[in-house]
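Enquirer: Below is one structure. I have some questions about it.
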Amino acid sequence: MEKQCVLSILVHNQPGVLSRIAGLFSGRGYNIDSISVAETMDKDISRITLITTGEKNIIEQITKQLNKLINVVRVCDFTNENYIYRELALIKVNAKAEARAEILRIADIFRCHIVDVGTDHYILEITASKNKLQAIIDLLKPFGIKDFVKTGSIALQRGK
């Protein structure tokens, strides 16, 4: 049975590393559902948080292939671990005078930050799980979402 897999990949921070990882996936017909990359506290190491879907044996194969890549330091599969993951989203929503108070209440409930205010819109910033993001989107749709953008997921394993 296919299931979602969250991989945390530590790599040397060098040109071409991300391209090689993406090439591994495309060359074998695997899909990347989400990817996020940034430097760690060590500027020479970056962390790639990658989400894919597949059968257990496929995920094992992906992990083995990633470990063979020259610039990969370590691959951790968080799938069966206790981990925290979040996504960041910016949501531009219509904010007519009669709807502003209700939008602000929704933003407060979801701990959003209002990062831009216009005469006819708000831009909300939210950091949340995928389910929470979907919940706020569903609540804001009746007001009219003008634009929406989100990052890929990031994840860290919880302490033991």
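The values are calculated or read from the model by the stated rules, or taken from the named source; none is laboratory data. From a predicted model like this one, the values you see are computed outputs, not experimental measurements. The area values use the complete protein model at the heavy-atom level, side chains included, leaving out ligands, DNA and RNA. Shrake-Rupley method; radii C 1.70, N 1.55, O 1.52, S 1.80 Å.
Enquirer: What is the Cα convex hull volume of region 23-63 when expressed per residue in Å³? Don't jump to the answer; show the numbers that get you there.
Expert: On the way: hull volume 3.4 nm³, N = 41.
Normalising the Cα hull of region 23-63 by residue number yields 82 Å³.
Enquirer: If you don't mind, another one. Excluding same-chain pairs closer than 8 in sequence, count the lysine pairs in the chain whose Cα atoms lie under 22 Å apart.
Expert: For the chain, qualifying lysine pairs total 20.
Enquirer: Compute and list, largest first, the equivalent-ellipsoid semi-axes of region 34-108 from the alpha carbon gyration tensor, each √(5λ) rounded to a whole angstrom. List each step's numbers first, then the result.
Expert: Details: eigenvalues 298, 56, 23 Å².
Equivalent ellipsoid semi-axes, largest first: 39, 17, 11 Å.
Enquirer: As a check on your grasp of the helix formula, calculate [θ] at 222 nm for the chain: sum -39500 (n - 2.57) over DSSP H runs of n ≥ 4, divide by the residue count, round to the nearest 500. Display every interim value, and only then the final one.
Expert: Working: 4 runs with 45 residues, N = 160.
When only DSSP H runs of four or more count, the value is -8500 deg cm²/dmol.
Enquirer: Give me the percent of accessible area attributable to carbon and sulfur for region 48-160, probe 1.4 angstrom. Walk me through the intermediate numbers first.
Expert: Working: 3530 of 6820 Å².
On region 48-160, the fraction of accessible area on carbon and sulfur atoms equals 52 percent.
Enquirer: Quick one: accessible area per residue over the chain, 1.4 Å probe, rounded to a whole number of Å²?
Expert: Values: 9730 Å² over 160 residues.
Ligands and nucleic acids excluded, the figure is 61 Å² per residue.
Enquirer: I need the Debye-formula profile for region 49-160: one equal scatterer per C-alpha, no solvent, reported as log10 I(q)/I(0) at q = 0.16 1/Å, two decimals.
Expert: Here the Debye-derived log intensity ratios amount to -0.78.
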